[in-house]
Structures are given as structure tokens and as C-alpha cells.
Amino acid sequence: MSKKLSPWESQLVNIKKVSDLMGLEPAVYEVVSKPKAILQVSLPIKMDDGSVRSFQAFRIHHNDARGPTKGGIRYYPHLDLDTEKALAAWMTWKNAVVNLPYGGGKGGIACDPKKLSKGELERLTRAYAAAIAWFVGVDLDIPAPDVGTNAQIMAWFMDEYYKVTGRISPGVITAKPIVLGGSLGRTAATGRGVFFTAVEASKAFKIPIKGAAVSVQGYGNVAYHAALNFHDAGAKIVAASDSRGGVYNKDGIDPRKLMEHKKKTGSVKGFPGCEDIGTKDPLTVDCDILVPAAMENMITGENAGDVKAKMIVEGANGPTTPDGDGILNEKKIIVIPDILANAGGVTVSYFEWVQNRMGYYWTEEEVDQRLERVMKQAFKDVHEQAEKYKVNLRYGAYVLALGRVAEAMKLRGWI
Ligand code: NAD
């Protein structure tokens with residue numbers, strides 16, 4: 001069995017392969033294989049019980065050749081620097097795939113937000129914003145939510161940033177509440193983008209969506225909105241899971257009712273009329289379309305052989321390891337890679353940043369139409385590169401992204 005790669009090593013494997021495939025000069029890989037800047041801070045917080053805890057936090061700028069870095073903030077107990085670096089690099093590639101004028105960044109705090117009170121969460125977020133204020137900015141690095149963070153956390157971050165810098169610049173962070181300059185359509189955007197790319201792939205590879213059995217892993221923001229879109233387009237949601245368990249019903253599950261159940265009980269587990277399954281089981285149940293939308297490294301050399309879907313739309317970042325990917329490829333399963341499939345969120349975050357800078361706001365229909373246009377174009381560009389180089393869509397996406405980043409680095413005189 002080959003060595004288990006970390007997320008950072010996994011993305012380097014892909015970048016090296018693509019760099020060789022394109023015949024790029026070694027300087028390109030040399031630059032992108034090292035993040036531009038890493039800020040690591042400790043955040044001492046007074047807890048509600050009077051004790052003090054110090055939380056480890058990061059912010060990373062991977063590459064800013066194409067513009068300010070952009071990427072989410074993750075609150076997660078097992079957060080580590082290696083994964084954060086990989087997530088920052090994936091943002092560089094993702095932003096290039098959808099042709100946004102951004103580089104890639106990421107950040108987060110090693111904490112379990114579910115175990116913090118609202119007051120503790122606010123103090124921790126404000127401490128983080130104050131500590132990294134000099135490292136972010138509307139023309140420097142623009143955070144957004146990711147796993148474990150939400151619009152309220154963006155609002156606290158924004159407020160603290162204003163206090164520290166003395167500047168009102170709503171474009172410093174995206175996916176804010178609407179009243180604070182957030183964009184309509186942002187909450188649903190990633191799942192909506194997952195669906196738009198699936199529609200394009202369904203046309204290209206003749207895998208119908210109407211009547212398809214769809215399985216989703218990780219019933220959070222991305223999976224829920226993807227499931228809603230598939231359901232409303234006539235597909236059947238047959239399985240879903242979260243960190244506490246999963247559910248299966250071959251006749252279909254109503255995604256709205258499932259979310260109501262999760263909100264009430266804290267998990268999809270025990271949803272009436274369904275068989276209880278494990279957190280990873282949605283990956284291998286009988287289905288036509290699979291949306292892994294939980295965390296990285298879920299489809300691996302160990303379980304990829306059991307995947308039954310005809311098409312995988314990667315809602316999560318890095319859900320498939322290179323080993324797993326090799327097996328999916330041999331099985332001729334169509335994989336719409338993360339850096340294309342889940343780019344809808346950052347695309348609407350970009351729209352939010354644009355609206356903040358103009359001070360003029362679009363309707364939800366305008367946002368949705370622009371998002372569909374961007375996702376369709378990105379799918380077309382990726383598909384063209386995949387055909388040109390006779391590779392799968394993942395490599396097609398990396399060819400497109402690395403080509404665009406390399407061109408920017410060359411023009412700026414870095415290589
Ligand atoms: P979220 O916190 O709303 O949801 C994550 C879900 O995954 C939760 O339901 C959680 O219980 C579940 N989960 C965690 N570990 C699991 C496991 N081992 N098995 C099954 N389920 C598990 O987060 P989200 O915003 O929906 O993000 C999900 C993924 O999508 C992440 O990889 C994130 O980086 C990626 N992503 C999110 C966005 C966005 O706009 N929210 C954009 C692009 C990519």
C-alpha cells in the first residue's frame with residue numbers, strides 16, 4: 001500500500017503531475033509549492049468559568065499572483081497547519097478555475113465551536129480578528145466562512161477589524177449578514193454551484209439528473225443546499241450523513257424535512273422512515289450521483305473501490321485522496337473536482353466584495369444568473385483542457401488553474 005499522504009502532500013502530488021504534463025518550467029512548481037506567508041498566533045481567552053485557555057490560530061496566504069488572497073476561516077478541533085496550507089493552496093487553484101481576480105488564502109482556529117458559549121465564541125473571534133488585522137484587508141486578504149463558522153462570526157470579525165484599523169471597509173470579509181453588506185444568495189451559493197456544475201456534466205456525459213439517486217455526505221451548508229437543488233430538479237436524495245450518523249432510504253428523503261430534524265435533534269440520525277447508517281456510508285450506497293460535502297480525505301484507497309455512483313461532485317475541499325482518485329479513474333467514474341464544483345461560494349463572495357466596493361447591491365436573481373454564468377463557463381473551460389490534454393476533469397481543472405497562475409507569475413516577473 002502506498003504511503004498515506006497529508007492534504008498538503010496530496011495537492012502537491014497533483015500540482016507536480018500537472019506541471020510536468022504541461023511542460024512548465026520548474027520555477028512554477030518551486031514557487032507554488034511553498035505558501036507565500038504563514039501567520040500563527042496564540043489567542044488567550046477568558047472562559048465563562050473564569051479559567052484562561054490559549055487557542056492556536058492561523059492565517060495563510062498561499063499565492064497572490066492573480067490578486068489579493070481569499071479563503072475561509074475554519075473553527076475545528078483538529079485544525080493543523082498542514083491541512084490549512086492545503087486549503088489555502090486549493091483556494092489559489094479554485095479562484096483561478098473560476099477566473100476570479102484573487103489568489104488563495106485560508107485560516108482558522110483550533111477549537112470546537114459547539115463547546116463554546118456565545119460569549120466565548122465572540123471573544124475568541126474578536127481576539128483572532130485583532131491578531132490578524134494587519135494580515136488581512138480589502139486589497140490584501142479577504143476571509144469568509146468555512147467549516148464551523150457562519151455569518152454571525154463574520155459580523156464580529158468585521159466589527160473588530162473596524163475598531164482595530166479605524167476603517168469602515170465591509171469588503172474585508174464576505175458572507176456577512178445582509179444588513180451589514182452581505183450579498184443575497186451567498187448562503188446557498190456553494191450548494192447551488194455544485195448543482196450547476198452537475199447539470200453541465202450531466203449534459204456532457206449523459207447522466208440525467210431527473211430521477212437520479214443522489215447521496216450526500218456531511219449535512220451542513222454545502223450538502224443541504226446541493227440536496228435541495230437536486231431534489232427540486234427531480235432527483236431523489238437517498239442518503240445523507242453528518243458527524244454523528246447517517247440515514248438511507250432508497251425511495252428518497254425530503255431534504256427540507258431532514259434539515260428540520262437535524263436542527264431539532266442535532267443530527268440527521270433517527271430521521272423517521274429511514275435506515276440508520278454510518279457517517280461514511282453515503283459514499284458507498286447505491287446511487288447515481290454522490291456529493292461528498294463533509295471534510296477532506298474521505299474517499300481513499302480503502303473505500304473508493306466500493307463507490308457505486310456514476311458521477312461524484314466534490315462539495316467538500318479535498319474529499320478524495322490521490323489513491324482514491326486513481327481507483328475512481330480506473331472505474332471510469334466522472335469526478336467534478338472540488339476546485340470547480342464548490343467554487344460557487346467564493347464566486348458569490350467575490351460578488352459581495354464587488355458590491356461592497358461599489359456600494360450598490362444586486363437582486364438575488366442577478367446574483368444567481370451571474371453565478372450560473374460563471375459556473376457554466378468554468379465547466380466549459382475545464383472540460384476543454386481535459387479533452388486537450390486527454391486527462392480527467394480534475395487534471396483539466398489543475399491545468400487551467402496552474403496555467404493561469406503561471407502566466408500571472410511570469411508577467412509579474414517572479415519566474
Ligand atoms: P458545515 O460546518 O456547514 O457542515 C459540515 C458537515 O459535515 C456537518 O454536518 C458535519 O456534521 C459534517 N461532518 C463532519 N465530519 C464528518 C464526518 N466524518 N462524516 C460525515 N459528516 C461529517 O460546513 P460546510 O460549509 O457545509 O463545508 C463542508 C465542506 O465544504 C468543507 O470541506 C468546506 O471546506 C467545503 N466548502 C464550503 C464552502 C462554503 O461556502 N460553506 C465553500 C467551498 C467549500
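List of remarks:
- For the peptides 222-234, 361-373, 43-55, the ranking by mean Cβ contacts within 10 Å, running from highest to lowest, is 222-234, 361-373, 43-55.
- Cα-based reach from Lys257 at 24 Å (exclusive), listing lysines while leaving out same-chain residues under 8 positions away: Lys114, Lys210, Lys236, Lys269, Lys280
- Taking Cα centre as origin and charging only the Cβ of basic (Lys, Arg, +1) and acidic (Asp, Glu, -1) residues, the dipole magnitude of the chain rounds to 340 debye.
- Rounded to the nearest 20, the size of the Cβ-charge dipole of region 189-341 about its Cα centre is 540 debye, with Lys and Arg at +1 and Asp and Glu at -1.
- Amide N proximity, region 227-244 versus His78 label position 7 Å along Cα-to-Cβ, cut-off under 20 Å: 241-244
- Taking packing as the residue-averaged number of other Cβ atoms within 10 angstrom, the listed peptides 249-261, 194-206 run from highest to lowest as 194-206, 249-261.
- Restraint check, Lys4/Lys390; Lys310/Lys390; Lys16/Lys176; Lys4/Lys250; Lys46/Lys106, Cα-Cα greater than 30 Å: Lys16/Lys176; Lys4/Lys250
- Comparing Thr165, Ala131, Cys111 along the charge dipole axis of region 93-225, the residue lying farthest to the positive side is Cys111, per the Cβ-charge model.
- Rounded to the nearest whole Hz, the Karplus-based 3J(HN,Hα) values (6.51 cos²θ - 1.76 cosθ + 1.60, θ = phi - 60°) of region 335-342 follow the sequence 10, 8, x, 3, 5, 9, 4, 9, with x at glycine and proline.
- Per residue, the accessible area of the chain comes to 40 Å², computed with a 1.4 Å probe over protein heavy atoms only.
- Residues with amide H under 5 Å from that of Asp242, placed H, sequence gap 5 or more: Gly218, Tyr219, Val268
- Along the axis of the charge dipole computed for the chain (Cβ charges of +1 for Lys and Arg, -1 for Asp and Glu, origin at the Cα centre), the listed residues Val313, Gly67, Ala240 are led at the positive end by Gly67.
- Phi to ³J(HN,Hα) by Karplus 6.51 cos²θ - 1.76 cosθ + 1.60 over region 249-261, Hz, x for Gly, Pro: 8, 5, 8, x, 10, 7, x, 5, 5, 5, 5, 4, 5
- Prolate/oblate/rounded call for region 37-180, Cα gyration tensor, a/c under 1.5 rounded: prolate
- Per-residue HN-Hα couplings for region 190-197 [Karplus 6.51, -1.76, 1.60; θ = phi - 60°; Hz; x = Gly/Pro]: 5, x, 5, x, 4, 5, 4, 5
- The chain shape via C-alpha gyration tensor axes, a/c threshold 1.5: rounded
- Under-5 Å amide H pairs with Gly103, H placed in peptide plane, nonlocal only: Arg66, Gly67, Thr69, Lys70
- The portion of the accessible surface of region 37-180 made up by carbon and sulfur, rounded to a whole percent, is 55 (1.4 Å probe; DNA, RNA and ligands excluded).
The values are calculated or read from the model by the stated rules, or taken from the named source; none is laboratory data. Keep in mind the model is a prediction, meaning the values are calculated, not measured. Ideal geometry is used to build each Cβ from the backbone, glycine not excepted, and the neighbour counts take in all protein chains shown. Heavy atoms of the whole protein, side chains included, go into the accessibility calculation; ligands, DNA and RNA do not. Shrake-Rupley method; radii C 1.70, N 1.55, O 1.52, S 1.80 Å.
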